[in-house]
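What follows is a single structure, written as structure tokens, with notes after it.
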Amino acid sequence: MEIKPQKLRKPELKFLQEDRKSIIIGTIIATFIAMTPYLFYLYESVPDVKDWNTFFGIYHSGFYESASISMWVLNGKIIPLFLIVIWFFTCRHWWYHALLVPIAMYVYQIFITLNDDADFVDNNQLIYLIPIIAIIVPSIYLIRARIFNKVNSASQTMQELEDEFKMTPKTFWDKVKQYF
């Protein structure tokens, strides 16, 4: 008895290709998340000097007076930002827009850290975050209110509700474009 391999139909083949792509992307993201402790401790390879000569150019540490300390502070901002951005782009909950507030906070802190004239990194950051918070918080509340109105009305099923709120862009850039 000879077993013949089955031919896959186009929809099945497309599903397998998308599944393979999803596994590869998930593996890459998981690898980067698992590497974050090692990425954080890269600052230890930076010399404890005021001017650090790299192949990118010379880094002058202004406020911190040590390139090692500057990189330690910068890594303390970049690593959480990296993890929150991954969370933002992979989150499937309705409230994921709230993650834009800490993302904006970390971006602001990184910008201030790189600015040599800064007195201290975390001063007055709430003042600069007010416009972002003023947009995000009411938007999240309106989404929440809309969800509960739809859930409480008997005219729509849960599947219709999920389809309405589920905006699944095809690519990473489609998801980025969705916010700008």
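No lab work stands behind these numbers, since they all come straight from the coordinates. Note that the coordinates shown come from a computational prediction; the quantities given were computed from them, not determined experimentally. In this analysis, Cβ positions are derived from the backbone assuming ideal geometry, glycine residues included, and neighbour counts consider all displayed protein chains.
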Discussion item. Can you give the FRET efficiency to the nearest 0.05 for Asn149 and Cys91, using r as the Cβ-Cβ distance and R₀ = 35 Å?
Written reply: 0.95
Practice prompt. With a point put 7 Å past each Cα toward its Cβ, work out how far His60 is from Phe111 in nm, to one decimal.
Written response: 2.3
Practice prompt. Take the Cα of Ile135, step 7 Å along the line toward its Cβ, and report every residue of the range 68-105 whose backbone nitrogen sits under 15 Å from that point.
Written response: 97-105
Practice prompt. Read phi for every residue in the range 30-47 and hand back ³J(HN,Hα) as whole Hz from Karplus 6.51 cos²θ - 1.76 cosθ + 1.60, θ = phi - 60°, with x for Gly and Pro.
Written response: 4, 5, 5, 5, 5, 7, 4, x, 5, 5, 5, 7, 5, 4, 5, 7, 8, x
